[in-house]
Amino acid sequence: MVAGASSGIGAAVARRLAARGSAVALVGRREAELKEVAETIRAAGGTALPLALDLAEPGVPAEAVAATAAGLGPVGLLVCSAGAIRLAAIHETEERHWERQLRVNLTVPFLLAREVLPGMRERGRGWIVNIGSGVGSEVVPGSGGYGVSKHAVHRLTELVHEENRDLGIRAVTVAPGWVSTRLAARPADLGVSEAEVLDAEDIADTVAWLLDRPARMSVGPLVRVEPSASRAAAGDAMTRHLTRSRTKGTGPAAKETP
């Protein structure tokens, strides 16, 4: 089951998992985009179940897991890629923006993990992969609720890992640096070449690599994936993006993955 599967990292991971033979439930808010991803997977011979749901709504995470189990079977691998971002200094952050980011970036992964873990523990196997952020490991002025929620999801993953590692369940946060998706700043706007930043397929490659590790090996629970170029570092890019937005008078950037 991939949360936030209709575009960007989530869509890339879903396609990669399907290519590896997994039947994949695609969860997201935008039905048309979900169906496009599902059609791509099916055209390549894979199995996909699109579920147009807003996981931030009360009760929906449980509904999504139940629908996945009914359509494809129990969830053996959960990938949480849905995300919301609003860049602002703490004193400029509105309560509703703070609450939305914590809900989407932290509470939704918690609720989904809570739903799938009992079955995984009973079966003695399972994977939970959260897509975090390099910003969650740094103190980046202006990262606001996004930075706080991503830091917290790193700790959530560590707890899931420690509580379940002896039961055949592995939990990992893949924390990317700057990835060229609709959620991030455009490289050209900050004078950086598109070739210097990561793309969604790089993160899908990382997830696939993790899944191929032997059962005796534990990697993580935090795995950072950064661009090689220092000027494409996520924290610096976020600071420059926020400064540019303020200079242009457009205000802090607000985006959400579907």
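The values are calculated or read from the model by the stated rules, or taken from the named source; none is laboratory data. What you see is a predicted model; the values in this text were computed from it and never measured. Using ideal geometry, Cβ is built from the backbone for each residue, glycine included, and neighbour counts are taken over all protein chains shown. All accessible areas refer to the heavy atoms of the entire protein, side chains included, with ligands and DNA or RNA removed. Shrake-Rupley method; radii C 1.70, N 1.55, O 1.52, S 1.80 Å.
Just a few scattered comments:
- Degrees separating the helix 144-164 axis from the principal Cα axis of the chain, which is the longest one: 30 degrees
- Extended-chain gain in nm, criterion 0.36 nm per residue less alpha-carbon gap, LEU211 and GLU196: 2.8 nm
- Accessible surface of region 1-80, 1.4 Å probe, proportion on carbon and sulfur as whole %: 50 percent
- In degrees, nearest ten, helix 60-72 long axis to first principal axis of the chain (Cα): 40 degrees
- Of the residues LEU222, ALA48, THR68, the one whose Cα sits farthest toward the positive end of the charge dipole of the chain, with +1 on the Cβ of Lys and Arg and -1 on the Cβ of Asp and Glu, is LEU222.
- Kirkwood Rh, Cα atoms: Rg over Rh of the chain: 0.96
- Residues whose amide H comes within less than 5 Å of that of VAL225, counting only those at least five positions distant or on another chain, are ALA175, GLY177 (H built at 1.01 Å from N in the peptide plane).
- In this structure the amide hydrogen of LEU77, modeled in the peptide plane, comes within under 5 Å of the amide hydrogens of TRP127, none closer than 5 places in sequence on its chain.
- Restricting the calculation to alpha carbons of region 112-194 gives Rg and Dmax of 16.0, 51 angstrom.
- In a reduced charge model with +1 at each Lys and Arg Cβ and -1 at each Asp and Glu Cβ, region 1-155 shows a dipole moment near 540 debye about its Cα centre.
- Long-range amide H partners of ASN130 with built H, under 5 Å: CYS80, VAL172, THR173, VAL174
- Distance between modelled label sites at ARG30 and ARG186, nm, 7 Å Cα→Cβ extension: 1.6 nm
- Dipole of region 2-245, positive end: most advanced residue of GLY134, ALA38, LEU167 [Cβ charges, Cα centre]: LEU167
- Peptide ranges 123-136, 1-14 listed from the most packed, as the mean C-beta count within 10 angstrom indicates: 1-14, 123-136
- Solvent exposure of the chain as accessible area per residue, Å², 1.4 Å probe: 45 Å²
- Against the main long axis of the alpha-carbon atoms of the chain, helix 108-123 sits at an angle near 20°.
- 222 nm mean residue ellipticity, helices alone, for the chain (DSSP H n ≥ 4; -39,500 (n - 2.57); rounded to 500): -13500 deg cm²/dmol
- Under the Karplus curve 6.51 cos²θ - 1.76 cosθ + 1.60, θ = phi - 60°, whole-Hz ³J(HN,Hα) for region 34-43, x wherever Gly or Pro sits: 4, 5, 5, 5, 4, 5, 4, 5, 5, 4
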